[in-house]
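Novice: Quick one: this structure, given as structure tokens, is what I'll be asking you about.
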Amino acid sequence: MKVFLTGATGYVGSALVKNLTGAGHTVLGMARSDESEASLREQGIEVHRGELSDPQSLVEGAKRADAVIHTAFPQMGPDTDFEEMMGMMTTAVAAIVDSLKGTDKTFILTSGAGGYGPQTDATPLDESTPIIAPTHAPNEQIVLGATSQGVRTIVLRPTIAYGYGGSLPVMGWFGISREMGGGIYIGEGDAVISSVYIDDLADLYRLALEKSKPGEAYNAASGSATATKEIAEAISEAAGLGGKTVSIPPEEIEKAGFIGRLIATNMVVSTEKAQRELGWQPSGPALLDELRTGSYAS
Ligand SMILES: NC(=O)c1ccc[n+]([C@@H]2O[C@H](COP(=O)([O-])OP(=O)(O)OC[C@H]3O[C@@H](n4cnc5c(N)ncnc54)[C@H](OP(=O)(O)O)[C@@H]3O)[C@@H](O)[C@H]2O)c1
């Protein structure tokens, strides 16, 4: 299949380029700069120039392919107007989905397990759990709402992705831990979170592309969920902080920036559906092993 991939130069997108082309699919990668275009061309990828703030550029890319996988996401900084950014994302998603109506082409939205909102216990959530976070719900509604209008819609809900020494949330956790002199966790550090090895995640996108029925959502996680305090200890070791950890009181969570909200409460998902329906078999190394002895170890 020929896939128009937004965010092709990103962490998730790069893994997808490798996985999809390795399986015989063709990728039309979106680039928004000369630098990104050159990097995609070096990988032998056809390029479509586009920008999230220019919906027509996305529509033109979608026209050139059989399927769209949307992973582009704007960088956030201290001055980012969050509402404005989310509005741009929703406008972009709506424009692509509208242009696909009646074509039966595939649209895969990258959502996230954070869409389930804070979990009070660590019972794994399945895909029937309502998506309530305002960061995720509008886009999922637009996408899944188009299933009856001739679009093969699929939503993926990854947990924190890891591997190859990268991923924004993991690097952010490292960054704040270095600033604070120890691996950070919130409160007692007993919140438990799922995470997904990046190559497992890429496999799931491909299997969904090849096999999913329209209108389905799939959680993505590898292995078992891990206590945030244990992750903080492993991050501390990998960052050369000697295993020292720092507890941030819940009332001071803003000290930990966006990572604080991500690790303050449980986020545990079931992946039974993807394994049963798509034959997905996540087999990557565990997050703690990657931190202690793998790609993040210093
Ligand atoms: N990483 C994780 O752990 C994780 C977990 C769950 C869900 N997700 C979701 O997965 C998606 C991808 O995440 P990621 O980690 O791959 O992010 P990333 O590494 O920051 O990649 C973002 C991609 O979006 C592109 N981009 C940024 N602003 C753009 C704009 N204005 N117009 C067009 N393209 C733009 C970037 O292009 P440039 O190279 O030109 O900057 C890059 O290719 C996001 O929706 C994220 O929320 C990620």
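Since every read-out is calculated from the coordinates, none of them should be taken as a lab result. From a predicted model like this one, the values you see are computed outputs, not experimental measurements. Note that we place each Cβ from the backbone using ideal geometry, even for glycine, and neighbour counts take in every protein chain shown.
Novice: Volume per residue, Å³, of the convex hull around the alpha-carbon atoms of the chain?
Specialist: For the chain, the hull spanned by Cα atoms encloses 125 Å³ per residue.
Novice: Kirkwood hydrodynamic radius for the range 249-298: how many Å is it when counted over pairs of different Cα atoms?
Specialist: Kirkwood hydrodynamic radius for the range 249-298: 14.0 Å.
Novice: Can you list residues whose amide H is under 5 Å from Arg152's amide H, if they're 5+ apart or on another chain and H is modeled 1.01 Å from N?
Specialist: Asp104, Lys105, Thr106, Phe107
Novice: Tell me, what ³J(HN,Hα) does each residue in the range 190-201 have, in order and in whole Hz, if you take phi through Karplus 6.51 cos²θ - 1.76 cosθ + 1.60 with θ = phi - 60° and put x for Gly and Pro?
Specialist: Those phi angles translate into 8, 5, 10, 10, 8, 8, 9, 5, 4, 6, 5, 4 Hz.
Novice: Tell me, in nm to one decimal, what length is gained between Ser148 and Ser270 on full extension, where the rule is 0.36 nm per residue of separation less the Cα-Cα distance?
Specialist: Details: separation 122, 0.36 × 122 = 43.92 nm, distance 2.66 nm.
That works out to 41.3 nm of additional length.
Novice: Determine, for Asp200, Asp289, the number of other Cβ atoms within 10 Å of each Cβ, and report the residues in order from fewest to most.
Specialist: Lowest to highest Cβ neighbour count: Asp289, Asp200.
Novice: Sticking with this structure for a sec: Under the rule of at least 5 residues apart or a separate chain, name every residue whose amide H is placed under 5 Å from the amide H of Ile186.
Specialist: Ile248
Novice: If you take every DSSP beta bridge whose two residues both sit in the chain, what share of them, in percent to the nearest 5, is antiparallel?
Specialist: The antiparallel proportion sits near 10 percent.
Novice: Next up: Quick one: Karplus J couplings for the range 166-173, per residue in order, coefficients 6.51, -1.76, 1.60, θ = phi - 60°, nearest Hz, x for Gly and Pro?
Specialist: So the Karplus estimates, Gly and Pro as x, are x, 5, 3, x, 5, 5, x, 5 Hz.
Novice: For labels at Lys18 and Glu252 in the simple 7 Å Cα→Cβ model, what's the distance in nm?
Specialist: So the label points at Lys18 and Glu252 sit 3.9 nm apart.
Novice: Taking Cα pairs under 8 Å and at least six residues apart, what relative contact order does the range 204-298 come out at, in percent?
Specialist: Details: 74 pairs, mean separation 41.9, N = 95.
Computed value for the range 204-298: 44 percent relative contact order.
Novice: Quick one: which residues, 5 or more positions from Thr245 or on another chain, have an amide H under 5 Å from its amide H? H modelled 1.01 Å from N in the peptide plane, none for Pro or chain starts.
Specialist: When sequence neighbours closer than 5 places are left aside, the close amide H contacts are Gly183.
Novice: Number of Lys pairs in the chain with C-alpha atoms less than 15 angstrom apart, excluding same-chain neighbours closer than eight positions?
Specialist: 10
Novice: Would you work out the relative contact order for the chain, in percent, from Cα pairs under 8 angstrom that are 6 or more residues apart?
Specialist: Relative contact order comes out at 18 percent.
Novice: Next question. Got a sec to turn the phi values of the range 124-135 into Karplus ³J(HN,Hα) couplings, 6.51 cos²θ - 1.76 cosθ + 1.60 with θ = phi - 60°, whole Hz, x for Gly and Pro?
Specialist: Per-residue couplings from phi come out as x, 8, 9, 6, 7, 5, x, 8, 10, 5, x, 6 Hz.
Novice: How many angstrom lie between the Cα centre of the range 231-264 and the Cα centre of the range 67-132?
Specialist: 26
Novice: Roughly how compact is the range 151-298, stated as its Cα Rg over 2.2 N^0.38 Å to two decimals?
Specialist: 1.09
Novice: Tell me, Glu51, Glu290, Glu251 in order of fewest to most beta-carbon neighbours within 10 Å?
Specialist: Ordered by Cβ neighbours within 10 Å, fewest first: Glu251, Glu51, Glu290.
Novice: Kindly put Ser194, Ser224 in sequence by how many other C-beta atoms sit within 10 Å of each C-beta, fewest to most. Intermediate values should be presented prior to the final figure.
Specialist: On the way: Ser194 26, Ser224 12.
Exposure proxy ranking, most exposed first: Ser224, Ser194.
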